[in-house]
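Single-structure report; data block below.
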Amino acid sequence: MHFLQIPGPTNVPERVLRAMDRPVVDHRGDRLPAVVHEIRRRLRGVFGTAAAEVLLWSGSAAWESALVNTLRAGDRVLSFNNGLFAEKFVEVARRFGVVVDEVQKRWGDAVLASDVDAALRADHRALLIVHNETSTGVTTDLAGVRAAIDAGGHDPLLLVDAVSSLGSLPFRFDEWRVDVALTGSQKGLMMPPGLAILCVSERALRAATAVDTPRYFHDWGPVVAALAQGYSPATPPTLEFYGLREALRMLDEEGLDAVYARHARLGEGVRRAVAAWDRQLLCHDLERCSNSLTAVWLDDLDANQLLRITASRLELDLGGGLGRLNGRVFRMGHLGALNELEVLAMLGGVEMGLALAGAPVDLGRGVAAAQAHFVQSPA
Ligand code: PLP
């Protein structure tokens, strides 16, 4: 027995550890609200308030961290709206007074080198890109983006949201000369939600010393100094650090190339199933389809009805359509700790869900198409 008698963090009772020892839940599913409501109600009692708002925050504040350290109010940046997360990244920048030239794309498009070539100007201080747009299942080719930036002779800071790509899709920070790559713990890194993780270039660190945007918690200076000693300026989520260390060991044991190949194989299997169902991918260009998730149009059915059926009848949580896509698409995640049989189970569940919802589907067709791909493609 280890005695942790520092004045906090304090010992975590077995009962609390056991409560955390459970499969991660769908944060948009119907299980979480009861937990949140109970926490807020009980916290009101602890705070001694009857009606004050008690706010719970996501730890994934990485967008804000990337922006407040590198940009000032009035700075002009370029962004492409090809999905909800690209749109939200811009929304955060605008809240800080950053002037955003936001080029509208179809949701389902990638950002192309030609888009960057056409829109990037000398006075753009930064380029904001979502590597893998989780709302649409589309991956942008960052090597192409970097080539277009260089060909134009411009030199904006390259700020990349790698939330649903890092650890699942190849990422080459140095080769693509990214300035800030940001992610969360809950996707390819196979951890529960809660940690915001950033990778920051020398140039971005220099920008952070020059930029005076008000910040305290997000200020990189003290964070960099403390981390160099293995610490954090404030109390960090220490148990998550142990979990993350273990997850990173697992990625290294498998080998990153093998991890990416696994995601590619699983992603292709899912796309073959969608084709076998005669359903349309939201992603417009097969070359740009994401290997970490797949979004599918549903024009004959309310997608939320499918989600309700798969969740309640099959215990299968699928992603819904986000923002303007609500009710019109469903999304299948195939990232993180996942193998072929789990993907086949998900596809089988989708087929059953479609049938239960009264949509036309030949049971087994999508599963068979994915199986054929898994058998044929080397593991
Ligand atoms: N960026 C992308 C691409 C995402 O997929 C998400 C969440 O799914 C986020 C940002 C926001 O992360 P969080 O909800 O953890 O704040």
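The values are calculated or read from the model by the stated rules, or taken from the named source; none is laboratory data. Here the structure is a predicted model, which means the values were calculated and not measured. All Cβ positions, glycine included, derive from the backbone under ideal geometry; neighbour counts span all protein chains shown.
Summary of values
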{"item": "Close pairs from the range 253-268: first over 10 Å from residue 291 (Cβ atoms), partner surrounded by 15 or more Cβ atoms within 10 Å (Cβ to Cβ) and not aromatic (Phe, Trp, Tyr), Cβ under 6 Å, at least 6 apart", "result": "259/251"}
{"item": "Of the criteria (1) charged (D, E, K, R); (2) over 30 Å from residue 327 (Cα atoms); (3) surrounded by 11 or more Cβ atoms within 10 Å (Cβ to Cβ), which one residue 14 fails", "result": "(3)"}
{"item": "Answer residue from the range 1-38, given it is part of a loop (DSSP other than H, G, I, E, B) and among the acidic types (Asp, Glu) and is modelled with the lowest pLDDT among those", "result": "30"}
{"item": "The range 39-81, subset closer than 27 Å to residue 91 by Cα and without any contact (Cβ under 8 Å) to a residue 24 or more places away in the chain, residue surrounded by the most Cβ atoms within 10 Å (Cβ to Cβ)", "result": "54"}
{"item": "Yes/no for residue 294 being among the β-branched types (Val, Ile, Thr), touching a residue at least 40 places away in the same chain (Cβ under 8 Å) and more than 20 Å from residue 166 (Cα to Cα)", "result": "no"}
{"item": "Hits in the range 87-115 (condition: touching a residue at least 60 places away in the same chain (Cβ under 8 Å) and either part of a helix (DSSP H, G or I) or among the charged types (D, E, K, R) (or both))", "result": "87, 89, 106, 109"}
{"item": "Residues of the range 41-68 satisfying the condition of being within 20 Å of residue 216 (Cβ to Cβ) and either over 21 Å from the mean Cα position of the chain (by Cα) or charged (D, E, K, R) (or both)", "result": "55, 64"}
{"item": "Subset of the range 266-277 (residues that are surrounded by fewer than 21 Cβ atoms within 10 Å (Cβ to Cβ) and assigned to a helix (DSSP H, G or I))", "result": "268, 272, 275, 276"}
{"item": "Within the range 70-94, tally of residues that are in contact with a Leu (Cβ under 9 Å, 6 or more places away or on another chain) and within 16 Å of the ligand (Cβ to nearest atom)", "result": "10"}
{"item": "Residue list for the range 345-370, filter: buried (at least 19 other Cβ atoms within 10 Å of the Cβ) and not in a loop (DSSP other than H, G, I, E, B)", "result": "346, 347, 349, 350, 351, 353, 354, 366, 367, 369, 370"}
